[in-house]
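Below you'll find the structure, written out as structure tokens, and then a few comments.
The values are calculated or read from the model by the stated rules, or taken from the named source; none is laboratory data. Keep in mind that this is a model prediction, so the values were computed, not measured. Cβ coordinates were reconstructed from backbone atoms using ideal geometry, including for glycine residues, and neighbour counts include every protein chain displayed.
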Amino acid sequence: MIVDPVVPAEPVPDARAPEDTDVPFRPKQLSAKDRVEYLLSAGSGLAFAWALCLVMDWRAPLTFAIWALVWFLGCTYVLSRDRTSRVVAQDRFVTTLIWLSGLLAVGVLVWMLVFVFLKGVGGLSLSFFTEDMAEVGPLDPGGGIKAALIGTLQQIAIATVISVPIAILTAVYLHEIKGRFATPVRFIVDAMSGLPSIVAGLVVFTIWVNEGGGFSGASAGVALAIMMIPIVTRTAEEILRTIDDGLRESALALGAPQWRAVLQVVLPTARSGLITASILGVARAIGETAPVLLTAFGSSVTNLNPFSGPQANLPLYIWGLLREPNEVSVNRAWSAALVLIMLVLVLFTLARVIGERGARKRGAR
């Protein structure tokens with residue numbers, strides 16, 4: 001009788017077996033030991049910076065903060081490497097540095113907002129928005145930003161009407177058409193992106209104001225439009241790149257010409273992103289002073305006609321009052337600065353909300 005050999009069964013892998021410790025991994029959560037290491041590093045950094053500044057007689061708070069931060073990062077790396085490995089220590093070091101950089105940027109922004117808010121909130125009232133500076137002296141109480149606010153809104157409206165269609169059509173040409181002049185056009189747009197704001201004002205001053213057109217809000221709107229065009233163009237081009245090529249191919253496969261596919265498929269799909277690009281351009285131009293100084297010139301009287309005569313503007317209003325050597329004018333300037341910052345924050349928040357809503361719609365599709 002022949003007996004079959006017994007084949008040993010293959011061992012079943014243990015699901016609880018530990019993973020290979022030689023494989024690098026990225027810790028995603030801080031353990032209790034990690035928190036203790038951070039506390040020890042922070043305490044060591046503060047003690048080292050205090051002792052060093054005491055010995056060297058350094059009294060600047062910035063110097064203390066820099067040395068404390070450097071020692072903190074070094075201790076974080078050394079403690080993490082001693083307990084885990086070099087790869088984990090490097091990851092922890094870079095992660096900590098990124099978090100500190102982000103907190104520093106947010107902290108500076110919050111400090112600026114709080115500082116301007118505390119300086120300017122005391123001067124805000126209903127009359128501050130309904131009065132101008134026509135009958136108010138430098139030391140007289142009262143007066144407001146009526147003329148500057150109206151001028152800002154009119155000039156931004158003119159700049160938006162001029163720049164947005166040009167910028168979007170340019171972005172369509174660069175990404176959708178891709179004609180023979182796409183390369184030089186993109187080069188010009190990139191060069192305009194780094195154009196100093198005062199140059200845009202000088203161009204309009206030379207061509208318009210100096211040739212008989214005179215100072216006006218319309219000339220300021222043209223100068224602001226020159227600054228907005230490259231910003232809106234590059235942002236709109238990036239938005240068009242996010243549109244799926246399948247939509248274009250489907251429209252062309254159904255027999256639609258390219259212009260119709262762009263007009264009825266691509267642009268409606270990218271509508272929210274293009275609106276976001278336009279709002280970002282407005283937020284960039286609304287705080288410019290140099291081009292408006294050379295074109296609108298500023299005025300203490302409310303001018304409702306942007307095509308005739310000098311016109312006020314919020315940045316010009318702030319710049320002019322800060323130059324006055326008295327506290328009343330400076331307080332008015334801080335209040336106007338707070339209003340301008342709130343306008344910019346509203347525009348950026350609106351752009352973010354519209355952009356996220358468009359991204360969710362594209363993801364759902």
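Laid out as a table, the results:
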| item | result |
| --- | --- |
| Some residue of segment 136-148 being under 26 Å from the mean Cα position of the chain (by Cα) and not basic (K, R) | yes |
| Residue, surrounded by the most Cβ atoms within 10 Å (Cβ to Cβ), within segment 110-137, restricted to residues that are charged (D, E, K, R) and without any contact (Cβ under 8 Å) to a residue 24 or more places away in the chain | E131 |
| From L62, L100, residue being modelled with pLDDT of 90 or more and within 27 Å of the chain's Cα centre (by Cα) | L100 |
| Residue match in segment 104-123 (condition: within 20 Å of V36 (Cβ to Cβ) and not hydroxyl-bearing (S, T, Y)) | no |
| Residue match in segment 293-304 (condition: outside any loop (DSSP other than H, G, I, E, B), in the same structural domain as T206 (by TED's automatic domain parsing), small (G, A, S) and surrounded by 21 or more Cβ atoms within 10 Å (Cβ to Cβ)) | no |
| Residues (among the polar types (S, T, N, Q) and either modelled with pLDDT of 90 or more or within 13 Å of G221 (Cβ to Cβ) (or both)) located in segment 300-311 | T302, N303, N305, S308, Q311 |
| Single condition M342 does not satisfy, out of (1) modelled with pLDDT of 90 or more; (2) crowded, with 18+ Cβ neighbours inside 10 Å; (3) closer than 25 Å to L118 by Cβ | (2) |
| Inter-residue pairs, beta-carbon under 8 Å, first within 11 Å of A296 (Cα to Cα) and in segment 203-216, second surrounded by fewer than 17 Cβ atoms within 10 Å (Cβ to Cβ) and not hydroxyl-bearing (S, T, Y), 6+ apart | G214/G309; F215/G309; S216/F307; S216/G309 |
| Top-ranked residue of segment 279-292 - restricted to ones that are part of a loop (DSSP other than H, G, I, E, B) and under 18 Å from the mean Cα position of the chain (by Cα), ranked as surrounded by the most Cβ atoms within 10 Å (Cβ to Cβ) | E288 |
| Which listed residue is closer than 30 Å to G320 by Cβ, of a type outside the set (D, E) and either touching a Ser or Thr at 6+ places or on another chain (Cβ under 9 Å) or not in a loop (DSSP other than H, G, I, E, B) (or both), from G43, G107, G120 | G120 |
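For every residue, the table says whether it meets (1) touching a residue at least 12 places away in the same chain (Cβ under 8 Å); (2) surrounded by fewer than 17 Cβ atoms within 10 Å (Cβ to Cβ).
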residue: E37; (1), (2): yes, no
residue: L54; (1), (2): no, yes
residue: P61; (1), (2): no, yes
residue: W67; (1), (2): yes, no
residue: F72; (1), (2): yes, no
residue: R81; (1), (2): no, yes
residue: Q90; (1), (2): yes, yes
residue: L97; (1), (2): yes, yes
residue: L103; (1), (2): no, yes
